[in-house]
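Engineer: First the structure, which I've put down as structure tokens, then a few questions once you've had a look.
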Amino acid sequence: MALAKTDASGGAGLLPEVLAFSSSLSLDRQLLKEDLLGSMAHVTMLGRTGVIPKAEARAIRDGLVDLWRRDAAGTLALPDEEDVHMAVEVELNRTIGAPAALLHSARSRNDQVATDLRLHVRDALGQALSSLCGLIGELVERAKKDGHVLMPSYTHRQRAQPISLGYWLSSYGAAFLRDAQAFAFALDQADALALGSGAISGSSLGIDREVTRGLLGFSRLTLNGLDTVGERDFALDYLYATARFLVHASRLSTDLIDFTTPEFGFASLSGDISMGSSMMPQKKNPDVFELIRGKSGRAVGNLMGLLTTVKGLPGGYNRDLQEDRGPLLETRPLLSGVLSVLRLSLPHVTFHPDKCRAGLDEGFTQATDLAEALVKKGMPFRVAYKHVGALVRRCQELGLPLTKATAELARSIDPAIDADALSVLEPAGAVARKRSAGSTGPQAVEAQLAALTSQAGALATKAAAVPSLLVLFEQLSKAAI
Ligand code: ARG
């Protein structure tokens with residue numbers, strides 16, 4: 001079906017192919033709710049300020065409410081227009097007639113689309129932030145339950161030093177907390193009213209942007225209309241925060257993919273989340289974590305896509321901005337999908353304390369602890385480092401783990417490495433003796449978990465304060481005009 005041509009689309013001679021090429025309806029149909037809310041707030045303001053008569057404002061608002069309800073009931077077939085904004089205007093005109101012509105007073109699709117996108121981003125981020133804070137809380141609970149399990153940490157994917165599972169879980173809590181802070185920042189960036197900017201320079205009609213702002217629950221007005229219609233910084237912040245969170249989720253996934261191989265054996269996945277192979281009947285694959293890792297690439301691509309769209313644009317609105325729709329609208333399902341599957345999957349990962357512990361012995365991971373014990377006896381660290389390195393090499397030659405080094409063997413390298421010094425090689429003690437803030441020591445981990453709980457709690461409160469689209473609809477459908 002050929003796209004209908006409105007006054008907004010161009011002159012009588014406009015080629016249908018060009019009109020079809022320009023259409024964004026297939027994507028921005030997803031913004032219908034946001035578009036209706038923006039129009040409901042705008043027309044309420046127009047009625048209250050007397051820019052249009054109150055009776056007509058009410059008729060338009062009732063018409064918009066009717067569109068929302070028909071959409072919710074699945075009975076709304078929008079006309080095939082250039083974009084969702086024109087489709088709503090045409091459908092409104094069809095249903096309420098003449099008053100519909102007043103709706104677009106003091107408004108352009110340029111400030112309209114910026115408003116729709118801000119409402120969309122604010123809504124998506126409110127939900128994502130709340131879920132991410134839930135994930136952080138679950139990591140903290142898991143750390144309290146299983147945190148005592150000892151395991152190796154890795155640098156260069158080589159065994160490094162003993163840590164607790166609580167410390168490992170807390171490390172991802174710390175990364176996700178930064179992501180939650182980035183979501184909160186993006187939420188603040190989106191939280192400004194764009195309407196009232198008009199096409200670019202505002203309006204000479206007696207509008208009051210403060211009224212529209214209050215009705216849509218934004219915390220401030222955008223500062224300058226020329227900037228407002230041409231910028232998508234809030235969307236870039238949203239895409240960046242999402243990409244970074246997914247990259248962290250991808251890192252966690254890679255750790256778990258490795259830990260669940262027989263080569264590591266530290267953990268296993270229950271049948272609820274592991275997948276099979278169409279050919280190899282014995283397989284139990286970590287597809288869910290591979291997919292999280294794979295989807296993080298899409299999030300990075302979306303950020304790059306939008307950055308590329310805005311790069312090089314001159315000031316003011318440019319139609320290129322319509323291309324923000326693809327990366328932006330793909331982000332919400334990507335983000336909510338990864339968040340919910342990650343939260344669903346983590347309880348189905350079981351750690352095996354014996355295997356984790358075995359990884360410690362085989363890796364000579366307590367070598368630094370022995371060197372630090374010698375430092376406590378007064379030996380300069382670099383000297384201790386050399387002696388312990390020599391002891392490790394001797395043990396490797398003899399095929400012994402460091403914990404089996406005899407006092408005699410140690411003494412043959414340096415008399416200072418006595419039985420007392422060797423006693424620090426017990427991994428539980430090595431972890432317990434870590435005292436510095438941010439370390440794997442039990443008290444330090446406890447402090448980390450407390451910080452995660454309180455900071456994620458504060459951010460969850462911020463997320464809960466974001467008004468849902470449905471709540472906004474209910475308020476706007478009965479706001480006084
Ligand atoms: N479909 C357009 C978009 O999404 C709406 C704005 C069109 N503005 C214009 N001046 N042609 O960006």
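Engineer: Take the conditions within 16 Å of the ligand (Cβ to nearest atom) and either loosely packed, with under 15 Cβ neighbours inside 10 Å or closer than 22 Å to Thr261 by Cβ (or both) and apply them to Pro314. Does it pass?
Structural biologist: yes
Engineer: Any residue in the stretch 96-103 that is within 33 Å of the chain's Cα centre (by Cα) and not acidic (Asp, Glu)?
Structural biologist: Within the stretch 96-103, none of the residues are within 33 Å of the chain's Cα centre (by Cα) and not acidic (Asp, Glu).
Engineer: Can you work out which of the residues in the stretch 212-224 that are surrounded by 21 or more Cβ atoms within 10 Å (Cβ to Cβ) and touching a helix residue (DSSP H, G or I) at 6+ places or on another chain (Cβ under 7 Å) is farthest from Gln475 (Cα to Cα)?
Structural biologist: Applying the filter and picking the extreme gives Thr222.
Engineer: Let me ask another. Gly74 - would you say it is touching a Lys or Arg at 6+ places or on another chain (Cβ under 6 Å) and either more than 26 Å from Leu321 (Cα to Cα) or surrounded by fewer than 16 Cβ atoms within 10 Å (Cβ to Cβ) (or both)?
Structural biologist: When the stated conditions are applied, Gly74 does not pass them.
Engineer: Next question, about the same structure. Does Leu31 satisfy the condition of being more than 27 Å from Thr331 (Cβ to Cβ) and at pLDDT 95 or above?
Structural biologist: Here the answer is no, as Leu31 does not meet what is asked.
Engineer: Let me confirm something: among Asp179, Asp188, which residue is within 21 Å of the chain's Cα centre (by Cα), among the acidic types (Asp, Glu) and either within 16 Å of the ligand (Cβ to nearest atom) or under 21 Å from Leu469 (Cβ atoms) (or both)?
Structural biologist: Testing whether each residue is within 21 Å of the chain's Cα centre (by Cα), among the acidic types (Asp, Glu) and either within 16 Å of the ligand (Cβ to nearest atom) or under 21 Å from Leu469 (Cβ atoms) (or both) leaves just Asp188.
Engineer: While we're here: From the list Leu303, Leu335, Leu370, Leu342, which residue is out of contact with any strand residue (DSSP E or B) (no Cβ under 8 Å at 6 or more places or on another chain), part of a helix (DSSP H, G or I) and modelled with pLDDT under 95?
Structural biologist: Selected residue: Leu370, the only one of Leu303, Leu335, Leu370, Leu342 that is out of contact with any strand residue (DSSP E or B) (no Cβ under 8 Å at 6 or more places or on another chain), part of a helix (DSSP H, G or I) and modelled with pLDDT under 95.
Engineer: For the stretch 168-192, enumerate the residues that are acidic (Asp, Glu), assigned to a helix (DSSP H, G or I) and over 15 Å from Ala243 (Cα atoms).
Structural biologist: Result: Asp188, single match.
Engineer: Thr115 fails exactly one of the following numbered conditions: (1) closer than 23 Å to Thr331 by Cα; (2) outside any helix (DSSP H, G or I). What is the number of that condition?
Structural biologist: Going through the list (1) closer than 23 Å to Thr331 by Cα; (2) outside any helix (DSSP H, G or I), Thr115 breaks only (2).
Engineer: Related question: Report the residue count in the stretch 46-85 for those that are within 16 Å of the ligand (Cβ to nearest atom), at pLDDT 95 or above and more than 33 Å from the chain's Cα centre (by Cα).
Structural biologist: 0
Engineer: Step by step: first the residues of the stretch 110-135, then only those that are of a type in the set (A, V, I, L, M) and within 16 Å of the ligand (Cβ to nearest atom), then the one that is farthest from Leu169 (Cα to Cα). Which residue is that?
Structural biologist: Val113
Engineer: Here's another thing I want to ask about it. Under 9 Å between Cβ atoms, which residue pairs at least 6 apart in sequence (or on different chains) link something in the stretch 453-471 that is more than 18 Å from Ala124 (Cβ to Cβ) and at pLDDT 95 or above with a partner that is among the hydroxyl-bearing types (Ser, Thr, Tyr) and surrounded by 11 or more Cβ atoms within 10 Å (Cβ to Cβ)?
Structural biologist: That search, which allows pairs on different chains as well, returns nothing.
Engineer: Return the residues of the stretch 193-210 that are surrounded by fewer than 19 Cβ atoms within 10 Å (Cβ to Cβ) and either closer than 15 Å to Leu37 by Cα or touching a residue at least 60 places away in the same chain (Cβ under 8 Å) (or both); say none if nothing qualifies.
Structural biologist: Correct list: Ala199, Ile200, Ser203, Leu205, Gly206, Asp208.
Engineer: Same structure again: Can you tell which of Arg293, Arg325, Arg319 is in contact (Cβ under 8 Å) with a residue 12 or more places away in the chain and either under 29 Å from Thr260 (Cβ atoms) or away from the ligand (no atom under 16 Å from the Cβ) (or both)?
Structural biologist: Arg293
Engineer: Then there's this: Hey, could you check the stretch 328-357 for residues that are closer than 15 Å to Ala235 by Cβ, touching a residue at least 40 places away in the same chain (Cβ under 8 Å) and not β-branched (Val, Ile, Thr) and say which is surrounded by the most Cβ atoms within 10 Å (Cβ to Cβ)?
Structural biologist: Leu335
Engineer: In addition: Only one residue in Val338, Val310, Val349 is touching a Lys or Arg at 6+ places or on another chain (Cβ under 8 Å), of a type outside the set (Phe, Trp, Tyr) and under 30 Å from Leu165 (Cβ atoms). Which one?
Structural biologist: Val338
Engineer: Look through Lys386, Lys355, Lys376, Lys311 and report the one residue that is touching a strand residue (DSSP E or B) at 6+ places or on another chain (Cβ under 9 Å), on the phi < 0 side of the Ramachandran plot and among the basic types (Lys, Arg).
Structural biologist: After applying the criteria, what remains is Lys355.
Engineer: Having 1 or more residues that are more than 30 Å from Leu46 (Cβ to Cβ) is the bar; report the helices (runs of 4 or more DSSP H) wholly within the stretch 195-294 that clear it.
Structural biologist: The qualifying helices (runs of 4 or more DSSP H) are 233-259.
Engineer: Also: Out of the residues in the stretch 88-104 meeting the condition of being more than 15 Å from the ligand (Cβ to nearest atom) and not in a helix (DSSP H, G or I), tell me which one is surrounded by the most Cβ atoms within 10 Å (Cβ to Cβ).
Structural biologist: The qualifying residue surrounded by the most Cβ atoms within 10 Å (Cβ to Cβ) is Leu103.
Engineer: Within the stretch 157-192, restricting attention to residues that are free of Cβ contacts under 8 Å to residues at least 60 places away in the same chain and closer than 19 Å to Asp227 by Cα, which residue is surrounded by the fewest Cβ atoms within 10 Å (Cβ to Cβ)?
Structural biologist: Of everything passing the filter in the stretch 157-192, Asp188 is surrounded by the fewest Cβ atoms within 10 Å (Cβ to Cβ).
Engineer: In this structure, does Arg107 turn out to be closer than 15 Å to Asp188 by Cα and within 16 Å of the ligand (Cβ to nearest atom)?
Structural biologist: no
Engineer: Would a scan of the stretch 73-87 turn up a residue that is touching a residue at least 12 places away in the same chain (Cβ under 8 Å) and assigned to a strand (DSSP E or B)?
Structural biologist: Taking every residue of the stretch 73-87 in turn, none turns out to be touching a residue at least 12 places away in the same chain (Cβ under 8 Å) and assigned to a strand (DSSP E or B).
Engineer: Of all residues in the stretch 121-179, how many are of a type in the set (Val, Ile, Thr) and within 21 Å of Ser340 (Cβ to Cβ)?
Structural biologist: 3
The values are calculated or read from the model by the stated rules, or taken from the named source; none is laboratory data. Fair warning: this is a prediction, and the values are worked out from it, not measured in the lab. In this analysis, Cβ positions are derived from the backbone assuming ideal geometry, glycine residues included, and neighbour counts consider all displayed protein chains.
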